[in-house]
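To start, the structure itself, in structure tokens.
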Amino acid sequence: TWKMMLRSRDFKMKVYPGIGYMIVILFVMVLKNGDISAAQIQQSLMLQNSKGKLMILLLIYFSSLMITTALGGIVMSDKYKAAWIYFVTPVSKPGEIIAGAVKAVVVMFFTPFAILALVLGISFVGYTVLPNILLAICNQLFIITLISIVSVRYLPFSTSTYKPSFTSVLKSTLMMIIGFVVGAVHYFIYSHTWLVLILIIVSATATYFLFKNIYSYSWRKIISEYNDN
């Protein structure tokens with residue numbers, strides 16, 4: 001999946017423009033006041049005021065929109081007929097292939113934002129910001145896993161078009177709402193370190209068990225998805 005994301009022109013044409021558009025939106029949201037300066041941004045981060053908290057959390061939570069675009073793109077390919085190879089390989093659980101594809105997307109599209117948030121947070125705020133950044137990362141992985149369960153229903157690059165049903169669109173919208181709610185709750189508990197530490201454990205545990213669900217996908221489940229579409 002990693003190699004295909006780097007090499008596939010079809011994937012790049014479908015995914016990269018949307019990601020670039022969302023990055024522009026992120027900058028517009030942060031710099032919406034025309035008179036804002038780099039010094040003001042630095043001061044907001046150092047003081048950890050409402051704007052500083054929002055900047056750090058937005059950098060991580062907003063990336064879920066970009067990852068959603070990438071997750072939708074990894075199931076489609078103009079050379080989808082080559083996917084027959086999946087069905088003749090000695091793989092007992094196709095969920096392992098899908099889980100690997102999701103991991104590749106996370107590393108390629110989410111890790112840079114997580115590293116950037118860590119660098120900015122530690123540079124301007126110090127190590128006291130680590131619990132909140134770790135919680136944001138754990139929450140984001142939780143959200144990504146939920147989105148993967150809803151949207152990644154095929155093996156990587158194995159279908160010509162992905163036509164989501166009304167139910168799947170409704171589920172995707174619900175996932176976005178959940179992401180917004182999770183981010184909003186985190187913003188309001190930002191200063192309560194003890195609660196942040198507890199929620200890190202809760203979020204990481206929930207993500208672990210959700211990801212195990214993807215690993216457990218059987219051939220019967222995967223084939224039924226193809227037959228339904």
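Points to keep in mind about this one:
- Full extension of the chain segment joining Ala184 with Ser92 gains 29.1 nm, where the gain is 0.36 nm per residue of separation less the Cα-Cα distance.
- Separation of the alpha carbons by more than 31 angstrom is noted, of Lys3/Lys53; Lys14/Lys53; Lys79/Lys221, for Lys3/Lys53; Lys14/Lys53.
- Relative packing of 93-102, 9-18, which averages over residues the other C-beta atoms within 10 Å, highest first: 93-102, 9-18
- Rounded accessible area of Ser191 (nearest 10 Å², 1.4 Å probe): 80 Å²
The values are calculated or read from the model by the stated rules, or taken from the named source; none is laboratory data. It should be emphasised that the depicted structure is a prediction, and the values quoted were computed from it without experimental measurement. Ideal geometry is used to build each Cβ from the backbone, glycine not excepted, and the neighbour counts take in all protein chains shown. Just so you know, the surface numbers come from the protein's heavy atoms only, side chains and all, with ligands and any DNA or RNA stripped out. Shrake-Rupley method; radii C 1.70, N 1.55, O 1.52, S 1.80 Å.
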